[in-house]
Ligand SMILES: [Zn+2]
């Protein structure tokens, strides 16, 4: 990202709103803060090489078996329509093929797919595709549930509405996913 151009654009945006970052003390660092937040945090997913992430964060599995699930991963993203954050969580389930991923690598993968200018549907799609294409997983599943800033703070002003996207592909049945995510155990409680 061209940070100096982005800082100038934020200062210009503030001027268009009738405010002056150069003369108002509380705005003096705002262009820098906004740009750092987007470049270094909210959109940092663009700096992650997903293939390298899998290579570094996985081990060869001689006899891969079973299913692995990781629940309640924190998700932060930015919607491409309004540039507002969406916050929530994701669950991931996969059936390993040739490689088994470290849990930290799975968390970093979801983070890298989410912290971009993407629609929510794309996050789950990208996570599942990465598992199958880069890690050789036999099947993968991801669900993402978010509260969107653009739905809660503006527009329909639905502060409690949560949107869910689900993608499942390969050798992973709906029952496999439910079992791995503890749905049966939750039902019998
Ligand atoms: Zn939006």
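Bear in mind that the values in this text are calculations on the coordinates, not laboratory data. All values derive from a computational prediction rather than experimental measurement. No Cβ is skipped: glycine too gets one built from the backbone with ideal geometry, and neighbour counts run over all protein chains shown.
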message: Which order do the peptides 87-93, 155-161, 50-56 come out in when sorted by mean C-beta neighbours inside 10 angstrom, highest first?
response: 87-93, 50-56, 155-161
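Given 0.36 nm per residue, what is the gain on full extension from residue 147 to residue 33 after removing their alpha carbon distance, in nm?
This chain segment gains 38.7 nm when fully extended.
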Cα pair distances of segment 80-150 binned at 5 Å [whole percent]: 3, 16, 29, 23, 13, 9, 4, 1, 0
statement: From the Cα centre of segment 99-166 to that of segment 1-78, the distance in Å is 15
task: Arrange 46, 141 by Cβ neighbour counts within 10 Å, fewest through most, would you?
output: 46, 141
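Can you tell me how much longer the chain between residue 52 and residue 3 gets when fully stretched, taken as 0.36 nm per residue apart minus their C-alpha distance, in nm with one decimal?
Roughly 15.1 nm would be gained on extension.
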query: segment 1-67: D in µm²/s via Stokes-Einstein (Kirkwood Rh, Cα pairs, 4 °C, 1.567 mPa s)?
result: 86
message: So, R0 is 25 Å and r is the distance between the beta-carbons of residue 12 and residue 119; what FRET efficiency does that work out to, to 0.05?
response: 0.35
- line: Cα convex hull volume per residue for segment 47-86, in Å³, equals 119
task: Find how much the distance from residue 74 to residue 23 grows on full extension, using 0.36 nm per residue of separation minus their present alpha carbon separation; answer in nm with one decimal.
output: 14.6 nm
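For the chain, how big is Rg over Rh, using alpha carbon atoms and the Kirkwood form of Rh?
Rg/Rh: 1.08.
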- prompt: Over the chain, what is the percentage of antiparallel beta bridges among all DSSP beta bridges, to the nearest 5?
  reply: 95
Projected area, mean over directions - segment 3-42, Cα convex hull, nm²: 2.6
- prompt: Got a sec? How would 150, 142 order by Cβ neighbour count within 10 Å, fewest to most?
  reply: 150, 142
GNM top mover of 102, 18, 170 - the chain, alpha-carbon springs below 10 Å: 18
field: Relative contact order (%) - the chain, alpha-carbon pairs under 8 angstrom, separation at least six
entry: 20
- line: Simple spin-label estimate for residue 87/residue 154, 7 Å along Cα→Cβ, in nm, reads 1.8
task: Using only Cα atoms, find the angle between the long axis of helix 103-114 and the longest principal axis of the chain, and express it within 0 to 90 degrees, rounded to the nearest 10.
output: 40
message: Let me understand segment 111-189 better: what is its radius of gyration from the alpha carbons, and its Dmax, in angstrom?
response: 15.1, 42
- prompt: Peptides 75-85, 125-135, 32-42: what's the order by average Cβ count within 10 Å, highest mean first?
  reply: 125-135, 75-85, 32-42
